[in-house]
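Data first, discussion second: the structure below is written as structure tokens.
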Amino acid sequence: MTKARNRWPRPRDGENPTGAPDGRVSSHVPPAGNKGNNGINATGLDECLRACAVHSGKLVATLDRRRTELAEKLRQLLATQAMAQVPAPASAASGATALIRRATKAPAGPADELSGELLDALLAVGSKALECGYDDELRLALLISDTVLTRRRNSRAGWRLRARTLEAVGDEPATVEAYARYLALTDDDGFGVAPRIAGMREGGRRQDELLRLLERECPQAAAYSAGPATDVWAEGLALHARGSLEQAEPRLVGALLAMERENSPVPDIQAAVSQYLDLRIEANGGRAAELRELITLYAEQRRSRMRGPVADPTFGGVDWISLGEFRNQIAGKSICLIANSQRVGRSSLGAEIDAYDLVVRFNSYKIDAAATGSRTDIHATIHKHGFNWDQPVMTRLVFGGVSGDWKHSLRNRLVPGAQRYLGDESLRWPLRNVGKVGTDVWSSIPTSGFNMLWLLDFLDVSPTLDLIGFDFYESGAYRLQEAMRMPITSVHEYTSEKAWVMERAQSVSDMRISLR
């Protein structure tokens, strides 16, 4: 719980200036327009592009790194649209001004269609706007999701963007509905959506139990629950500050019940309950024993929403292996690492791949036995998504740069029984933690493939170490369908990784690079 405060939490950009728990979700999102099914505001592509162009102008000379990255995505979007349109008349305008004019004045036609290229650019803007987290950017992300889903009602990426944005806004019922639509359209829940839905539903149940308990403990609160939550909360805080605890209590509880009635955003309700519990503990001289049930319900609803229900907290009896134990596991064995590239997908090397002692695959790998082989012995994956975590393998190595985030992902994503061995903390981030290679030497974030390859090269106990189909995405990606729309991220430096590989290559052919 947070330290007790004398006022409501500081409002974010664009919120109600009083910072009060007024429960108005509209302070975070665009006003309702012509809503269709599932609450989508029917939005034209031209309207969305005008909003993107205007927002691009607002970000000129911003010092916020996230907004700078958003500005670049907006520039790419507007350039994509401008290239698809009929050339505009010659003008002295240039730069952002020219892009705005092209986006707003071009005649409707083929460029008004939501092509695949434009869709990808829009989704990239929406995702980056969501990362910014400010209200203006959340409104933009929601507008983009409305636009995508107006044109493509069955867009998986559109529903996921909408759900993530609504979750950031705090509209939990709409978030669950949007996530459910996304799940209905995909067979691969690599982003862990099902546990998020289960967690939000369980968190909502716990929150309801908590509020009902407060309602029973303080029946006088009913007299204040019909009023505006903002005003009632302020009155309760003022009375508490003057030491009138008996008068403050029903008003504070009444305000919480009013927030529930007004469908306030979940983060606002959580913050208010946290502050209320702090005040109660303070009034009890720091003793929390009397509030055990309330605190337990508060903690459970927070925990459920953060990580979802955990079916097996023991990880299904998996055997953890350390760096040394992994070395013993691979010693003396021939190893091949299979790229998620189109070059592999178009090949006929399946039988050759399965002939190696150990087959290593990465992240969202796709199996086509004739081309890729059918066996996976080691699955190396980044912790941020859960593609293929349910596929049975001998060993699963999960990579992650931040220990806490890595542990959180293991707790949420690991499928009991899907692996015999699981890499422990010593195998979490090989290049940085084992090799002690800092950002001064290797500035970019290493890929899962490079972390794995570097580790195998460092251990140096395999007589054969071959890379199959590694062209560093020159031929395009070959992955599970749900992962195909994920961009080949710019945080990795594929050129440096390729140079590192080629410096150590013993032989190179069109499909195979041998390091031993």
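Taking the conditions exactly as written (of a type in the set (Ser, Thr, Tyr), farther than 30 Å from Ala174 by Cβ and out of contact with any strand residue (DSSP E or B) (no Cβ under 7 Å at 6 or more places or on another chain)), does Ser304 satisfy them or not? Against the criterion (of a type in the set (Ser, Thr, Tyr), farther than 30 Å from Ala174 by Cβ and out of contact with any strand residue (DSSP E or B) (no Cβ under 7 Å at 6 or more places or on another chain)), Ser304 does not qualify.
Listed by position, the helices (runs of 4 or more DSSP H) inside segment 265-362 whose residues that are among the aliphatic types (A, V, I, L, M) and more than 26 Å from Ser426 (Cα to Cα) number at least 1 are 266-283, 292-307, 342-345, 350-354.
Across segment 438-458, which residue is surrounded by the most Cβ atoms within 10 Å (Cβ to Cβ) among those that are within 19 Å of Thr381 (Cβ to Cβ) and of a type in the set (A, V, I, L, M)? The residue in question is Leu453. For first residues located in segment 146-164 and part of a loop (DSSP other than H, G, I, E, B), partners that are open to solvent by less than 10 Å² (accessible area, probe 1.4 Å) and among the aliphatic types (A, V, I, L, M) and lie 6+ apart or on another chain with Cβ distances below 8 Å form the pairs Arg152/Leu119; Ser155/Leu119; Ser155/Val148; Ser155/Leu149. Against the list (1) over 20 Å from Glu167 (Cβ atoms); (2) among the hydrophobic types (A, V, I, L, M, F, W, C); (3) open to solvent by less than 70 Å² (accessible area, probe 1.4 Å), the condition Ala223 fails is (3).
Looking only at segment 210-219, how many residues end up being surrounded by 14 or more Cβ atoms within 10 Å (Cβ to Cβ) and either part of a helix (DSSP H, G or I) or within 19 Å of the chain's Cα centre (by Cα) (or both)? Reasoning before the result, please.
In the first step, residues of segment 210-219 are kept if they are surrounded by 14 or more Cβ atoms within 10 Å (Cβ to Cβ); the result is 210-211, 214-215, 218.
Now drop any that are not either part of a helix (DSSP H, G or I) or within 19 Å of the chain's Cα centre (by Cα) (or both), which leaves 210-211, 214-215.
Residues in segment 210-219 being surrounded by 14 or more Cβ atoms within 10 Å (Cβ to Cβ) and either part of a helix (DSSP H, G or I) or within 19 Å of the chain's Cα centre (by Cα) (or both): 4 in total.
Inside segment 463-485, can you point out the residues that are open to solvent by 50 Å² or more (accessible area, probe 1.4 Å), outside any helix (DSSP H, G or I) and modelled with pLDDT under 95?
The initial filter retains those residues of segment 463-485 that are open to solvent by 50 Å² or more (accessible area, probe 1.4 Å), namely 463, 473-474, 481, 484-485.
Next, only the ones that are outside any helix (DSSP H, G or I) stay: 463, 473-474, 484-485.
Tyr473, Glu474, Met484, Arg485 - these are the residues of segment 463-485 that are open to solvent by 50 Å² or more (accessible area, probe 1.4 Å), outside any helix (DSSP H, G or I) and modelled with pLDDT under 95.
Checking each residue in segment 410-437 for being open to solvent by 50 Å² or more (accessible area, probe 1.4 Å) and more than 21 Å from the chain's Cα centre (by Cα) picks out Pro416, Gly417, Arg420, Glu425, Asn433, Lys436. Counting residues in segment 287-305 that are open to solvent by 50 Å² or more (accessible area, probe 1.4 Å) and within 18 Å of Asp471 (Cα to Cα) gives zero.
Scanning segment 269-313 for residues that are of a type in the set (Ser, Thr, Tyr) and in contact (Cβ under 8 Å) with a residue 12 or more places away in the chain turns up Ser274, Tyr276, Tyr298, Ser304. If the condition is being within 19 Å of the chain's Cα centre (by Cα) and in a strand (DSSP E or B), then segment 363-405 contributes Thr381, Ile382, Val398, Phe399. Evaluated against (1) touching a Ser or Thr at 6+ places or on another chain (Cβ under 8 Å); (2) surrounded by 22 or more Cβ atoms within 10 Å (Cβ to Cβ); (3) within 30 Å of Asn388 (Cβ to Cβ), Glu202 falls short on exactly one condition, (2). Within the set Arg152, Arg156, the sole residue that is touching a Leu at 6+ places or on another chain (Cβ under 6 Å), more than 16 Å from Ala53 (Cα to Cα) and modelled with pLDDT under 95 turns out to be Arg156.
The values are calculated or read from the model by the stated rules, or taken from the named source; none is laboratory data. Here the structure is a predicted model, which means the values were calculated and not measured. Methodologically, a virtual Cβ is constructed for each residue, glycine included, from the backbone with ideal geometry; neighbour enumeration extends over all protein chains shown. Keep in mind that these areas ignore ligands, DNA and RNA; they rest on the heavy atoms of the full protein, side chains included. Shrake-Rupley method; radii C 1.70, N 1.55, O 1.52, S 1.80 Å.
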